[in-house]
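**Q** Below you'll find the structure I mean.
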């Protein structure tokens, strides 16, 4: 029996990849994705059937927010049984945030959700959009013994496939815009598409897809810098309805040992507000207690974000707060990898 072609759903949310130049005005406008094969006839060479769905009003990714993450998750949830894989076209600026969020929202995901975009519009002569899109669809349609080869949220850009919740946007100008500094590439595209199977996420296939749509946005991110004042920290920590704070510290999770700083954090934690310690370095991990300058944080109950990215730290925090997890359990769960987002 010959297996029928794989079915792929292409979800367009907005972003540079979906733009074409209006030759009359010279400005960029979103094109109709139903005419995709006209723009990229090479897609007909792929051994899969492609359907498209687009946000009613495509958005610039700078306007991305949790309600749009829910929209993407709902599109996947509604079409989950009809398709073998999903490709999400998204602006590159906040793509790592969205890919991270979807990894937590789509619990027990057993199919590929591949995020991609481009630095140049699809109609541009030198565009990177075609290769990114073609290979993303190819990745999403890959099968192993009749089942999807990849079963996680990932991000494909410029010949590399990454775990979505491990990525950061590193460059605003180069075609190689993304990096995953704390986790190996899932695949590399060259003459052959080489999948690194040992690094793929292995979900529990006995469990059904569960879509978590409750996200709590009452969080803040504080990036430490030499000379940061008491009043600035207090103004953030005294924000009404604040439930958690991500503290971007130096190096391996270090910060000032000044008494006023540690006392403010201690008082904040005593009010039930969670404080997560992550490094402001692009790569590497928080190791609280490794140096004297982080021992105090460990002592007062600051949560270690280990080697999580800021993007994944934000998404994981919104997701976990939406689950109403109690105090002590919260720390234990946050410090454990849920979707391969930390080592």
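The values are calculated or read from the model by the stated rules, or taken from the named source; none is laboratory data. This structure is a prediction, so every number in the text was calculated from the model and none was measured. Heads up, the Cβs are rebuilt from the backbone with ideal geometry, glycines too, and the neighbour counts pull from every protein chain shown.
**Q** Report yes if residue 88 is buried (at least 24 other Cβ atoms within 10 Å of the Cβ), under 18 Å from the mean Cα position of the chain (by Cα), touching a residue at least 60 places away in the same chain (Cβ under 8 Å) and over 18 Å from residue 309 (Cα atoms), otherwise no.
**A** yes
**Q** Can I ask one more? Of all residues in the range 278-303 being out of contact with any helix residue (DSSP H, G or I) (no Cβ under 8 Å at 6 or more places or on another chain) and crowded, with 22+ Cβ neighbours inside 10 Å, which is modelled with the highest pLDDT?
**A** By that ranking, first place goes to 279.
**Q** Here is a list of conditions, (1) assigned by TED's automatic domain parsing to the domain that holds residue 130; (2) surrounded by fewer than 19 Cβ atoms within 10 Å (Cβ to Cβ); (3) closer than 30 Å to residue 67 by Cβ, and residue 202 meets all of them except one; can you say which number that is?
**A** Condition not satisfied by residue 202: (3).
**Q** Have a look at 102, 89 and point out the one that is modelled with pLDDT of 95 or more, in contact with a strand residue (DSSP E or B) (Cβ under 7 Å, 6 or more places away or on another chain) and more than 18 Å from residue 217 (Cα to Cα).
**A** Working: 102 fails: more than 18 Å from residue 217 (Cα to Cα).
Selected residue: 89, the only one of 102, 89 that is modelled with pLDDT of 95 or more, in contact with a strand residue (DSSP E or B) (Cβ under 7 Å, 6 or more places away or on another chain) and more than 18 Å from residue 217 (Cα to Cα).
**Q** Considering only the range 126-145, I want to know if a residue exists there that is within 12 Å of the chain's Cα centre (by Cα) and in the same structural domain as residue 21 (by TED's automatic domain parsing). It would help to see each step written out before you state the result.
**A** We begin by selecting, within the range 126-145, every residue within 12 Å of the chain's Cα centre (by Cα); these are none.
There is no residue in the range 126-145 that is within 12 Å of the chain's Cα centre (by Cα) and in the same structural domain as residue 21 (by TED's automatic domain parsing).
**Q** Oh, and also: Would you point out the residue of the range 249-274, among those that are in contact with a strand residue (DSSP E or B) (Cβ under 7 Å, 6 or more places away or on another chain) and surrounded by 20 or more Cβ atoms within 10 Å (Cβ to Cβ), that is nearest to residue 331 (Cα to Cα)?
**A** It comes out as 274.
**Q** Would you point out which residue out of 316, 266, 243 is over 22 Å from residue 66 (Cα atoms) and either touching a helix residue (DSSP H, G or I) at 6+ places or on another chain (Cβ under 7 Å) or modelled with pLDDT of 95 or more (or both)?
**A** Result: 266 is the single residue among 316, 266, 243 that is over 22 Å from residue 66 (Cα atoms) and either touching a helix residue (DSSP H, G or I) at 6+ places or on another chain (Cβ under 7 Å) or modelled with pLDDT of 95 or more (or both).
**Q** Going residue by residue through the range 151-165, is there one that turns out to be out of contact with any strand residue (DSSP E or B) (no Cβ under 9 Å at 6 or more places or on another chain) and part of a loop (DSSP other than H, G, I, E, B)?
**A** Here is the first cut: in the range 151-165, the ones out of contact with any strand residue (DSSP E or B) (no Cβ under 9 Å at 6 or more places or on another chain) are 151.
Then drop every residue that is not part of a loop (DSSP other than H, G, I, E, B), which leaves 151.
Checked the range 151-165: at least one residue is out of contact with any strand residue (DSSP E or B) (no Cβ under 9 Å at 6 or more places or on another chain) and part of a loop (DSSP other than H, G, I, E, B).
**Q** Tell me which residues, restricted to the range 166-175, are under 17 Å from residue 139 (Cβ atoms) and either in contact with a strand residue (DSSP E or B) (Cβ under 8 Å, 6 or more places away or on another chain) or surrounded by fewer than 23 Cβ atoms within 10 Å (Cβ to Cβ) (or both).
**A** Passing the criteria: only 167.
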